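Quick notes on the structure that follows.
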Amino acid sequence: MQTPIPFYLDEILENVRYLDGGSVADYIPPLAAANPSYLGAALCTTTGHLYSAGDDSEEFTMQSISKPFVYALALQELGFEEVVAVVGMEPSGEAFNELSLNRDDHRPVNPMINAGAMTVTQLINGVDSGVDERVEHIRQYMSRLAGRDLTIDEETCDSELLFAERNLSLAHMLRNYEIIQDDAHDAVVTYTRQCSIQVNVKDLAVISATLANGGTQPITGEKILDPDVCRLTQAVMSSAGMYDGAGRWMAEVGIPAKSGVSGGLLGTLPGQLGIATFSPRLNSEGNSVRGVEAFKRLSQDMGLHLMSTDQRYGIHPIRDVEIINDAWVVRLQGVMNFSAAESILYRLEDYDITADEVLLDFSQVTTVNRIGRVMLKEGLRRMREAGFKIGVIDPDERIKDRTMRDGTQVVRRDDNEDYMINGEELL
Ligand code: GLU
């Protein structure tokens, strides 16, 4: 059986491909030259399973998506008090590159606006760090988050620096109020190089899954950030990650997220997964048009909204697997939501099943939400396509609707005489 998740991601992409509104960022030539039709998506679970679809290997610059991760690095290296002394945690209500600071203490309001991001970048590698050392420190850290060596797009960086008047004014203002100590030009060069780190959509999914996982990179297993740092970072993303669309985003999608002008968009579901999309056309708020729509659909379909009340976390969804005569009985337990179903399908894909029949046993399952049911039924349907007999053991009728997507029914094997297999009781 092949797990349906990449197919599902593909379907999401096909459903948003028709959206051709918005336009690519055009304030510098390399971004203006981006291919507007690129479209990719990736999802990485905190257990380290990575799925992707579409243009998943195309590289683009991180831009503003780098901001929350450098903020996390500053929190990790200096601790909360030192960081909050120079940058706040409130939503701004102003454009990301607005020339404004808190009236009373002159701190930038949050690390997602440019003034805040530059301030945070200046904290990295010690205040006395040279530009090259600081940039290299950030590049290496991002590479550890992604689990591969990331490079800087020099052309985009050089071009950005030719049009950096606004960021330079921000840096001068920050220096005027002694929020940063470094030369203003050096601060802008460092920040711009950080923004020019190149990633693909799979890197973004893995990087955000690391935040969702409390700082342990889920594929390499490397412990990079503390859980507290990840919590703070995701909290700031949830209130200020989506430029001026942050409030509506939280209401409609409900996932801490960050977007950037090159068309990347990533979201984290704490404890569960990281998701990312790439599509360069932006709406008037500066967020990827197709990315925003893909996230809305993912959130609704997969029941991912953080404020949704049907999320439950906990035990491993497969209790055990027993072979009874010619049947593989996969005993499930707990709550069947997206994460549980993903984990079950992932395991089923890998099992070398030697029996004729595969049965999912729901006797120990407490609840099944809609996406859990849809995914498990689709897994069973694919099992049947691969040549197995399929069925469920479901004494408490956790699966209310047993119709699969092709209109056929999942057989309930504990119904009447089918309760036994070759004389042996199944429960
Ligand atoms: N390098 C860009 C700037 O600071 C990043 C913009 C963004 O992605 O929002 O102007």
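Structure values in brief
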quantity	calculated
Subset of the range 1-58 [among the charged types (D, E, K, R) and under 23 Å from the mean Cα position of the chain (by Cα)]	Asp10, Glu11, Glu14, Arg17, Asp55, Asp56, Glu58
Considering residues of the range 247-287 that are closer than 18 Å to Val109 by Cβ and open to solvent by less than 10 Å² (accessible area, probe 1.4 Å) only, the residue nearest to the ligand (Cβ to nearest atom)	Lys258
Residue check for Lys202: of a type in the set (Lys, Arg), crowded, with 21+ Cβ neighbours inside 10 Å and within 16 Å of the ligand (Cβ to nearest atom)	no
Cys230, sole failed condition from (1) at pLDDT 95 or above; (2) open to solvent by 20 Å² or more (accessible area, probe 1.4 Å)	(2)
Near pairs, Cβ below 8 angstrom, 6+ apart or cross-chain, from the range 88-107 (within 21 Å of Asn176 (Cα to Cα)) to any residue that is open to solvent by 60 Å² or more (accessible area, probe 1.4 Å) and among the hydrophobic types (A, V, I, L, M, F, W, C)	Arg107/Ala85
Residues within the range 325-352 that are in contact with a helix residue (DSSP H, G or I) (Cβ under 8 Å, 6 or more places away or on another chain) and in a loop (DSSP other than H, G, I, E, B), tallied	1
Cβ-Cβ under 6 Å pairs, at least 6 apart or on other chains, the range 248-271 side over 15 Å from Ala42 (Cβ atoms), far side surrounded by fewer than 24 Cβ atoms within 10 Å (Cβ to Cβ) and aromatic (Phe, Trp, Tyr)	Gly271/Tyr313
Only one of Ala33, Ala72, Ala53 that is under 30 Å from Ala340 (Cα atoms), out of contact with any Pro (no Cβ under 7 Å at 6 or more places or on another chain) and either small (Gly, Ala, Ser) or more than 13 Å from the ligand (Cβ to nearest atom) (or both)	Ala72
Filtered residue count, the range 387-426, keeping only those that are open to solvent by 60 Å² or more (accessible area, probe 1.4 Å), modelled with pLDDT of 90 or more and more than 17 Å from Val365 (Cα to Cα)	6
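The values are calculated or read from the model by the stated rules, or taken from the named source; none is laboratory data. As the structure is a prediction and not an experimental result, all values here were calculated from the model. FYI the Cβ positions are ideal-geometry reconstructions off the backbone, even for glycines, and counts take in every protein chain you see. For the accessible areas, the whole protein counts, side chains as well, though only heavy atoms, and no ligand, DNA or RNA atoms are used. Shrake-Rupley method; radii C 1.70, N 1.55, O 1.52, S 1.80 Å.
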